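K.L.:
Please find one structure pasted underneath; my questions will follow.
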Amino acid sequence: MAGFLLLFLFLFTNSVAEEVSFGIKQHLSTVTRYGASKGVHDSNYASAPDGCVPIHLNLVARHGTRAPTKKRIRELNNLESQLEMLIREAVENGLSLHKLPSWLKLWKSPWRGKVKGGELITKGEEELYDLGIRTRKMFPDLFSDDYHPEVYTIKATQVPRASASAVAYGMGLFSGRGSLGSDHHRAFSVISESRASDTMLRFFDCCQRYEDYRKHQEPAVDKLKEPVLDDITKSLSERYSLNFTRQHISSLWFLCKQEASLLDITDQACGLFSPSEVALLEWTDDVEVFILKGYGNSLNYKMGVPLLSDIVQSMEQAIKAKEEKQVPGSYEKARLRFAHAETVLPFTCLLGLFLEGPDFTKIQREQPLELPPRPPASRIWKGSAVAPFAGNNMLVLYNCPANSSDQYFVRVLHNEEPIAMPGCDGSDFCSFKDFKEKIVAPHLKHDFNTLCAANLEEPASEPETSKFSLFRWLFGPRNDDKQPRKVEL
């Protein structure tokens, strides 16, 4: 008997430890805050090899943490009325509500009464402001020149949260460099293209073929998620004695993400789900992002070629300035861009990041990849790592005059950390020549206008992810875990 009690206590303690140690804020797919994605540690930025000096920086960053959009605010308002109705029906049917969390009985949407949405919130401003400060700290020589808009080019999409992110970043980057106010801020320029023609940062809006693909594919993605949603709907209905539907679970998961990221509340909507259920919910979000914005279809990232071309061109101009010994202040030293998850995700794919070794060869050949494996299997592709709020890729061009074979090198920092490039044999420090030949060149065969023209011979409606992997996803062996859905970028 004593042995049984000890075993019970051991299992119970481990279960509680799992619940306590599980950090929900790191499992919110692309709704994850930047600090939660990176953890509590400072950036592990590694200095360049001896004799190498950074001469140019490209940045592609997502906007910071933002409020829910108007459409999502309406969804949460509807959830409020739906929950009231569910509880009322349960009482009328004589069901016990003792298992129901007290907060749920009186819950009101924090965004109730708001008619606008999607704006950058204070936490998002801080994410970009702090990123700007850290960027200057990492590359003091790059940002030692006096500010000029042609030396430090800053671009953002016309969407307010992106341009506000650019402003917050610039305030951090140039802090103390001006004469405005007690903090010595300075004015700087942020350039935006029209949404209708911004093929550099909003290529997903300018590509009709992609618009057609996404519109056709979204219902199929929802269908893929149904088995998971159905399982968790049943589980939560039994757990809390309410007649939940699939849509209720989707909205509750969305509420969990908003509460955790925006309000630092993790014991309400998030508390309805177990860690294993959260892992599956996160996975369904990641699968959706993979299919519609990532490696699930080569069109998703091929349409980002104008951005990739612009980055290579900026590096070539920096090399030319170096070779011609142009005087400081007469050439560009940084090109800084602020956009959306729909920009950062495809661009990350163009670089071949977050791939297993053989998968890089497949994307170069535009072959389909398997879907991210279902938990508890581990996976590389996670929205919380690839494109959290304020997620970013920095491409740093170095001059290494002591190197006998190649003088110029590229390092990619993802969320400020050096990251291995499969196209450069797994190194995070790649010669510019190899970077162009092995990573960039295979994509440059595509012309944006030709690629995005509607009604091409090959249909854009079918995802390239292999049918076998979809079949295995639907009918393959599962855990006993149950789980829901939904993504916001």
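K.L.:
Checking Glu238 against (1) out of contact with any Ser or Thr (no Cβ under 7 Å at 6 or more places or on another chain); (2) assigned by the TED database to the domain that holds Met315, which single condition isn't satisfied?
P.N.:
(2)
K.L.:
Restricting attention to region 376-392, report how many residues are of a type in the set (A, V, I, L, M, F, W, C) and either in a helix (DSSP H, G or I) or within 9 Å of the chain's Cα centre (by Cα) (or both).
P.N.:
Here is the first cut: in region 376-392, the residues of a type in the set (A, V, I, L, M, F, W, C) are 377, 380-381, 385-387, 389-390.
If we keep only those that are either in a helix (DSSP H, G or I) or within 9 Å of the chain's Cα centre (by Cα) (or both) too, we end up with 385-387, 389-390.
Qualifying residue count for the region: 5.
K.L.:
Shifting gears a bit: Restricting attention to region 181-208, and to residues there that are touching a Cys at 6+ places or on another chain (Cβ under 9 Å) and surrounded by fewer than 19 Cβ atoms within 10 Å (Cβ to Cβ), which single residue is farthest from Ile121 (Cα to Cα)? Break it down into steps so the answer makes sense when it comes.
P.N.:
As a first pass, look at region 181-208 and keep what is touching a Cys at 6+ places or on another chain (Cβ under 9 Å): 195-199, 203, 206-208.
Checking the rest, the ones that are also surrounded by fewer than 19 Cβ atoms within 10 Å (Cβ to Cβ) come to 195-197, 208.
Details: Arg195: 22, Ala196: 26, Ser197: 27, Gln208: 31 Å.
Ranking the qualifying residues of region 181-208, first place goes to Gln208.
K.L.:
Would you confirm whether or not region 142-149 contains a residue that is out of contact with any strand residue (DSSP E or B) (no Cβ under 6 Å at 6 or more places or on another chain) and more than 30 Å from Val327 (Cβ to Cβ)?
P.N.:
Checking region 142-149: not a single residue is out of contact with any strand residue (DSSP E or B) (no Cβ under 6 Å at 6 or more places or on another chain) and more than 30 Å from Val327 (Cβ to Cβ).
K.L.:
Here is a further query. Is it true that Trp107 is in contact (Cβ under 8 Å) with a residue 40 or more places away in the chain and in a loop (DSSP other than H, G, I, E, B)?
P.N.:
Against the criterion (in contact (Cβ under 8 Å) with a residue 40 or more places away in the chain and in a loop (DSSP other than H, G, I, E, B)), Trp107 qualifies.
K.L.:
Turning to a different aspect of this structure: Can you tell me which residue in region 357-368 is farthest from Val31 (Cα to Cα), limited to those that are surrounded by fewer than 21 Cβ atoms within 10 Å (Cβ to Cβ) and in contact with a Leu (Cβ under 9 Å, 6 or more places away or on another chain)?
P.N.:
Lys362
K.L.:
Kindly check whether there is at least one residue in region 344-352 that is at pLDDT 95 or above, hydroxyl-bearing (Ser, Thr, Tyr), open to solvent by less than 10 Å² (accessible area, probe 1.4 Å) and not in a helix (DSSP H, G or I).
P.N.:
The answer is no; no qualifying residue exists.
K.L.:
Sticking with this structure for a sec: Please pick out the residue among Lys137, Lys116, Lys123, Lys99 that is open to solvent by 90 Å² or more (accessible area, probe 1.4 Å) and in a helix (DSSP H, G or I).
P.N.:
After ruling out the rest, the residue left standing is Lys137.
K.L.:
When region 143-165 is examined, which residues are found to be out of contact with any helix residue (DSSP H, G or I) (no Cβ under 8 Å at 6 or more places or on another chain), open to solvent by less than 10 Å² (accessible area, probe 1.4 Å) and more than 15 Å from His56 (Cβ to Cβ)?
P.N.:
Passing the criteria: only Ala162.
K.L.:
Within region 301-320, is there a residue that is closer than 30 Å to Ser197 by Cβ and part of a loop (DSSP other than H, G, I, E, B)?
P.N.:
yes
K.L.:
Limited to region 1-60, what total is found for residues that are aromatic (Phe, Trp, Tyr), touching a strand residue (DSSP E or B) at 6+ places or on another chain (Cβ under 9 Å) and either modelled with pLDDT under 55 or under 30 Å from Ser250 (Cα atoms) (or both)?
P.N.:
Summing the residues that are aromatic (Phe, Trp, Tyr), touching a strand residue (DSSP E or B) at 6+ places or on another chain (Cβ under 9 Å) and either modelled with pLDDT under 55 or under 30 Å from Ser250 (Cα atoms) (or both) in region 1-60 gives 1.
K.L.:
Can you pull out the residues in region 353-375 that are hydrophobic (A, V, I, L, M, F, W, C), in a loop (DSSP other than H, G, I, E, B) and more than 15 Å from the chain's Cα centre (by Cα)?
P.N.:
Leu355, Leu369, Leu371 - these are the residues of region 353-375 that are hydrophobic (A, V, I, L, M, F, W, C), in a loop (DSSP other than H, G, I, E, B) and more than 15 Å from the chain's Cα centre (by Cα).
K.L.:
Separate question: If Glu332 satisfies every condition in (1) open to solvent by 10 Å² or more (accessible area, probe 1.4 Å); (2) more than 30 Å from Pro401 (Cα to Cα) but one, which is the exception?
P.N.:
Here Glu332 meets the rest and fails (2).
K.L.:
Next up: For region 369-412, give me each residue that is under 27 Å from Arg335 (Cβ atoms), among the charged types (D, E, K, R) and touching a residue at least 60 places away in the same chain (Cβ under 8 Å).
P.N.:
Once the filter is applied, which keeps residues that are under 27 Å from Arg335 (Cβ atoms), among the charged types (D, E, K, R) and touching a residue at least 60 places away in the same chain (Cβ under 8 Å), region 369-412 yields only Arg411.
K.L.:
Now for a different question. Find the helices (runs of 4 or more DSSP H) located wholly in region 183-263 whose residues include 2 or more that are among the aliphatic types (A, V, I, L, M), and list them. Steps first, please.
P.N.:
Details: elements: 203-206, 208-240, 246-258.
Fully inside region 183-263 and qualifying: 208-240, 246-258.
K.L.:
Go through region 383-406 and report how many residues are out of contact with any helix residue (DSSP H, G or I) (no Cβ under 7 Å at 6 or more places or on another chain) and at pLDDT below 95.
P.N.:
5
K.L.:
Just to be sure, is Thr233 touching a Phe, Trp or Tyr at 6+ places or on another chain (Cβ under 6 Å) and farther than 23 Å from Asp447 by Cα?
P.N.:
Values: touching a Phe, Trp or Tyr at 6+ places or on another chain (Cβ under 6 Å): yes; farther than 23 Å from Asp447 by Cα: yes.
Yes, satisfied.
Listed here are the residues, each with its yes/no results for (1) assigned by the TED database to the domain that holds Ile55; (2) open to solvent by 60 Å² or more (accessible area, probe 1.4 Å); (3) in contact (Cβ under 8 Å) with a residue 12 or more places away in the chain.
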| position | (1), (2), (3) |
| --- | --- |
| Asp141 | yes, yes, yes |
| Met171 | yes, yes, yes |
| Ser179 | yes, yes, no |
| Lys225 | no, no, yes |
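The values are calculated or read from the model by the stated rules, or taken from the named source; none is laboratory data. Remember, predicted model here, so these are calculated numbers, not experimental data. Methodologically, a virtual Cβ is constructed for each residue, glycine included, from the backbone with ideal geometry; neighbour enumeration extends over all protein chains shown. Heads up: the accessible areas ignore ligands, DNA and RNA and are worked out on the full protein's heavy atoms, side chains in. Shrake-Rupley method; radii C 1.70, N 1.55, O 1.52, S 1.80 Å.
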